[in-house]
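Here it is, the structure, as structure tokens.
The values are calculated or read from the model by the stated rules, or taken from the named source; none is laboratory data. Keep in mind that what you see is a predicted model, and the values were worked out from it rather than measured. Quick reminder, even Gly has a Cβ in these numbers, built from the backbone with ideal geometry, and neighbours come from all protein chains shown. Areas reflect the complete protein model, heavy atoms only, side chains present, ligands, DNA and RNA absent. Shrake-Rupley method; radii C 1.70, N 1.55, O 1.52, S 1.80 Å.
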Amino acid sequence: MGLGVLEHQLEPGDVKKLETIGGEVEELSQLVNELLDFSKASLKPKNLTKKAIELEPFCSEIIGRERVGQEISLKVPASLSLTTNEDLLRRALSNIIRNAVRYAEGIELKVAEKGDVICFEVLDRGPGIPAEWLDQIFEPFTRPDTARTREAGGAGLGLAIAKTCIESLGGSISAKNRSEGGLIVVLEVPHS
């Protein structure tokens with residue numbers, strides 16, 4: 001609000017400087033929000049509230065919100081459901097898809113039941129990640145230098161948030177490069 005008031009009091013040449021400061025403030029605000037999300041995801045309540053989630057509309061809603069003009073293919077059996085904590089699953093899946101949209105194209109979300117888990121696979125046709133980084137990308141503030149720059153945004157918390165959320169649900173998360181190019185991130189969540 002202070003920046004908005006100041007904008008009306010500046011000379012036209014100084015407005016550009018104010019826009020730069022505004023951009024920095026926005027980045028700091030985003031970092032604070034990511035840190036808060038990470039802190040919330042790190043809390044492991046003894047009794048997570050669980051409910052049955054119909055996965056086709058749930059995934060469609062996340063894709064609709066995160067795709068930012070990109071087409072994302074969704075493959076999920078119409079009747080597939082999962083009893084879990086909706087907020088943690090939404091936060092994890094949203095972060096994975098947001099990350100894919102930021103760095104890749106040709107994104108697909110495939111959901112299937114595999115034994116006693118529901119498997120979410122987010123596939124893309126982007127540059128992938130250097131093999132030596134695959135085990136590290138889920139750690140806080142970790143970013144492969146070649147894939148992410150300050151200009152691309154992010155503080156290296158999105159995948160760490162996803163990992164913490166999925167582990168809080170008793171599940172697992174992993175990533176690997178696709179042989180045909182791109183990355184696949186796999187989230188496995190137990191039925192209950």
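Of everything in the stretch 179-192 that's open to solvent by less than 40 Å² (accessible area, probe 1.4 Å) and of a type outside the set (A, V, I, L, M, F, W, C), which residue is farthest from residue 129 (Cα to Cα)?
Checked the stretch 179-192; the qualifying residue farthest from residue 129 (Cα to Cα) is 190.
Which one is modelled with the highest pLDDT among residues in the stretch 126-174 that are surrounded by fewer than 19 Cβ atoms within 10 Å (Cβ to Cβ) and aromatic (Phe, Trp, Tyr)?
133
Look at residue 18 and say whether it is modelled with pLDDT under 65, exposed (fewer than 14 other Cβ atoms within 10 Å of the Cβ) and either touching an Asp or Glu at 6+ places or on another chain (Cβ under 9 Å) or in a helix (DSSP H, G or I) (or both).
No, not satisfied.
List, please: which pairs have Cβ atoms under 8 Å, are six or more places apart or on different chains, and start with a residue in the stretch 168-192 that is within 14 Å of residue 100 (Cβ to Cβ) and end with one that is open to solvent by 50 Å² or more (accessible area, probe 1.4 Å) and of a type in the set (A, V, I, L, M, F, W, C)?
177/131
Further question on the same structure: Please tell me if residue 121 is at pLDDT 90 or above and either over 20 Å from residue 186 (Cβ atoms) or open to solvent by 20 Å² or more (accessible area, probe 1.4 Å) (or both).
Spelling it out, residue 121 is indeed at pLDDT 90 or above and either over 20 Å from residue 186 (Cβ atoms) or open to solvent by 20 Å² or more (accessible area, probe 1.4 Å) (or both).
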